[in-house]
1. Give me the one-decimal nm value for the distance between modelled label points at residue A:154 and residue B:280, 7 Å along each residue's Cα-to-Cβ direction.
2. Got a sec to turn the phi values of the stretch B:232-239 into Karplus ³J(HN,Hα) couplings, 6.51 cos²θ - 1.76 cosθ + 1.60 with θ = phi - 60°, whole Hz, x for Gly and Pro?
3. By count of other Cβ within 10 Å, fewest leading, how are A:99, B:72 ordered?
4. Net charge around residue A:264, counting only other residues with Cβ within less than 12 Å of its Cβ (Lys, Arg = +1; Asp, Glu = -1)?
5. Note the angle between two axes, namely the Cα long axis of helix B:319-328 and the longest principal axis of the Cα atoms of chain B, as a number of degrees from 0 to 90, rounded to the nearest 10.
6. So who's got an amide H within less than 5 Å of the one on residue A:228, skipping anything under 5 residues away but keeping other chains? H placed 1.01 Å off N, in plane.
7. Given Cα positions, please report Rg to Rh for the stretch A:540-647, the hydrodynamic radius being the Kirkwood one.
8. Please compute the Kirkwood hydrodynamic radius of the stretch A:430-571 from all pairs of different C-alpha atoms, in Å with one decimal.
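Coordinate-derived values only; no laboratory data. Worth saying up front: this structure is predicted, and the values here are computed from it rather than measured. Glycine gets a Cβ as well: all are built from the backbone with ideal geometry, and neighbour counts include every protein chain shown.
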Amino acid sequence: MNTRPLPHQIQDASGDVVRDRPWIFRTYAGHSSARASNQLFRSNLEQGQTGLSIAFDLPTQCGYDSDDPIARPEVGKVGVPINSLDDFHVLFEGIPLEKMNTSMTINGTAMWLLALYVALARERGVSIDQLAGTTQNDLVKEYLARGTYIFPPQESLRIIAEMYEYCLDEIPKWNASNICSYHLQEAGATPVQELAFALANAVSLLDLLQARGRFDHEQFERAVGRISFFVNAGIRFVEEMCKMRAFSELWNEITRDRYGVQNERFRRFRYGVQVNSLGLTEGQPENNAWRILIETLGITLSRNARCRALQLPAWNEALSLPRPWDQQWSLRLQQILAYETDLLEYPDLFDGSPVVQSKVAELKQIARAEIERILELGGVIPAIESGYMKSALVKSMSERMSAINDGAQIVVGVNRWTEGLPSPLLAGDDGGVFKADPAAASETLENLARTRKARDPERVKRSLEQLKEAARKGTPMFEASVECALARVTTGEWANALREVFGEYRPPTGIDGQRLSLGGDRVEQLRARIASLTDTLGHRPRILVGKPGLDGHSNGAEVIAVSARHVGFDVIYSGIRLTADAIVRAAVEEDVDLIGASVLSGSHVELAHQIMTGLESSGAKGRIRVVFGGIIPKQDAEKLIQLGVDRIFTPSDYELMDIMESIVDVIEAAHA
Amino acid sequence: MTATRRVRPTTLEEFRAGVLAGERPAVARAITLVESQRADHQRLAQELVTQLLPHSGRAHRVGITGVPGAGKSTFIDELGTRLLERGKRVAVLAVDPSSVRSGGSILGDKTRMERLASDPRAYIRPSPTAGSLGGVARATRQGIIVVEAAGFDVVLVETVGVGQSETTVAQMVDTFLLLMLGRTGDSLQGIKRGVLELADVIAVNKADGHGASEASRAASELASAVRLLEPQSPHWRPPVLTCSGLEGSGIDDVWVQVEAHRHTLEQRGELEDKRVRQEVDWMWALVKERIESELRHHPALRARAEQLTQKLRAHATTASRAADELLASLDWFGNDRDS
């Protein structure tokens, strides 16, 4: 205490030399049913995980009950299904809410899930100011990349703003939203785009909170302090570290200069991370373990830009949803880094490095210009509605794919060193992938039926009316939502009530006017083949690219649509969230030659079955060919072929021209 | 590959029966047929359309145009849904000049007409991508016959308000509806005066929220602009209305005017005249297209044209003398001129 700490030592507030506390360790988890997920959470907590990160299934995220026809194939697939407060009681059984830091990856229905959490606390007798955690609640990136939006942008931002206004004093330890750049990188964003889009998003939100005028300046400063971010970290880890430093510096400058935030604490850039999934490969999947480790270094090495919370993907995510063991392996990485290494003993390692300083300055400068451009358009809402941001992302993604295709960007095991010994990790009984329990959905459906039967229908009706009235009048909707939760209103009922008032939104797809930069002999050969196919058919071959079901990860489908146009197909891109029936109908009415369906949520078998049945009953089976793309395990691929699907494309089919050639083959064969 | 039953109409009779029974797959296949570039398909298409002709003509053919961003899709979705509620059957065909190119294309986004697209009583088909606007026009005209024969009683032909496509569409419909925007400041928004002249009904869309007052201001400016134009029919002066496809307000009034227009034409006996005139114009347009194409490909003429081009380049002749010489080298004009 008497000796001054040396530059390589960290001191705490009282001047003692200490070791840093590690970040929060999370594992993104949830599947099958509330009961199965509860068991998983409890076992993860026993393993040393320090915060919950809940994955909800797509019907819950998109505001449908589990028994809705569009929801059925997706129940419990990518997360836990939550239909009502009864499910929440099961999900959190034996877990003390007051001690948990709970992160919910929930957006379109974020207000509803937080209302359920608050209602659960009330029924348990826990004071809500003890609740801590995050609702992701960033609709901007949903419109751009992830797809689980429900309402139009204005209304979505109103919901977010109301949640900030409610949480600030009622649940002060709750992050009402998390500004996400994570999904933008997954959709192809460059580091600069990640910086600019996320910060412009945060600025638009703060501008809105200011304009609504519900906060005085003291409250507003605290609200600024509640803004947190969810960021991605890719394989170029030096640049990624610099990106994080640029984020911190830019946020400090923006909150100080644009909003006059005096308290330094409220200007701090607080962020959680999941490292990149986009770059994880299906081929030689064991290599992904190294990628995850390296990407983790990017957001932990620099103390001044270290994440607050971290969740890691699993090595086999390009193959299927991860199994508990795969997640445990990733958690162990965090624990080794935090507790075995000396990382947490040192202050920032890069302060004063001219290389890092220069790189950070460059990123900041370009990002600032881009932020200005978006603000000149009027902020993020106009930039979404006009398709400006989406087009920029689709362009970056197309460029990335072109670079991998022509070898300018090396991906080990994919376009270089592709020959390898078979991986013993894939040799287990389960083939190294996760198998969902098909019976889990029926338990969820039974619980839903039971809830509907046991509740007081008058109270349900009344609470939904109050919710709609608040929505119409512009008064706060949160308390009304809590009352709905207590009345055992269901997720679908809550969302439908607001759909009635706000309507549903469909954003621009961003693929119009996009071009691939790919050229060369392959492209010319394909164009020639398509020209001769055009002579055979009498029309340019027409394909419909679509995403059946609720999965909103549209990047893959968009790149396919752009590539298909590039080589000369006429493409109907029908966007996301369509029923299999709607896709079949569009295919028949527009008389396409082939349907390309993209599914990443794991419900490909059900959806393929529905599409093939639909084609059969409209007499088009056989004439309209079908191909599928997505994360589709081998065993499932065989099932799809049996159903009559011609080709299956998985993440290992990264060569766009190979995919296009296959599609031409399929159409040619049908007319041979 | 699984062997499956092929339920595709292949013979003329199968096409005819399927379309007349209003079977969706048959209608879709028939439209692909009339769009086809293959000579044998075109012959079959001619035969089919001729046989369907007696069953067509009963629908109200309405063209809808507007600048990009005027909210056409939302408007059509709202209008179409209302027409379905009144028991009408609605078909939407699109003419998109941007689709006229040699490479592949992204076809019109049906998801922008979500309710209509998911209603089994409606049929939506985007623009064909043929080699020329003329080719698209041929396909769409025949497409109208097909959907009419299949029992649709309102045919909406949508086109984006750029290039020549508005004129093309105006020449194949009974009523031409122009959608405008109130927001862009300039009341005529760079839309060509010619398009205003084609319009039978004008609606300023997006009259919602903050746009409402701008929309009504734009509407009154447009109304005075329209008064300066010579009307197409002595009995009809194009009305200017405001509406909101998003909120659904004013849509019914627009449709009342669209129906009133047709009713007026019918009462005055102008509808039949208009349709016949369109057919005759179309015949001559086809003749012109064919003659020009034949001339351009005529070997002797091409050689002569090449020589004349050289002379023009050397400033050795004028365009009108060159045209005279070129025409003189054709027997069927030359004989007349000699005598």
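1. Spacing of the two 7 Å Cα→Cβ label points: 5.1 nm.
2. Per-residue couplings from phi come out as 6, 10, x, 9, 9, 10, x, x Hz.
3. Working: A:99 9, B:72 25.
Fewest-to-most Cβ neighbours within 10 Å comes out as A:99, B:72.
4. Numbers: positive: A:256, A:265, A:267, A:268; negative: A:221.
Charge balance near residue A:264 sits at +3.
5. 70
6. Amide H neighbours of residue A:228: A:177, A:179.
7. Details: Rg = 12.5 Å, Rh = 13.5 Å.
Taking Rg over the Kirkwood Rh, I get 0.93.
8. On the way: mean 1/r = 0.0491 Å⁻¹.
Final number for the Kirkwood radius of the stretch A:430-571 is 20.3 Å.
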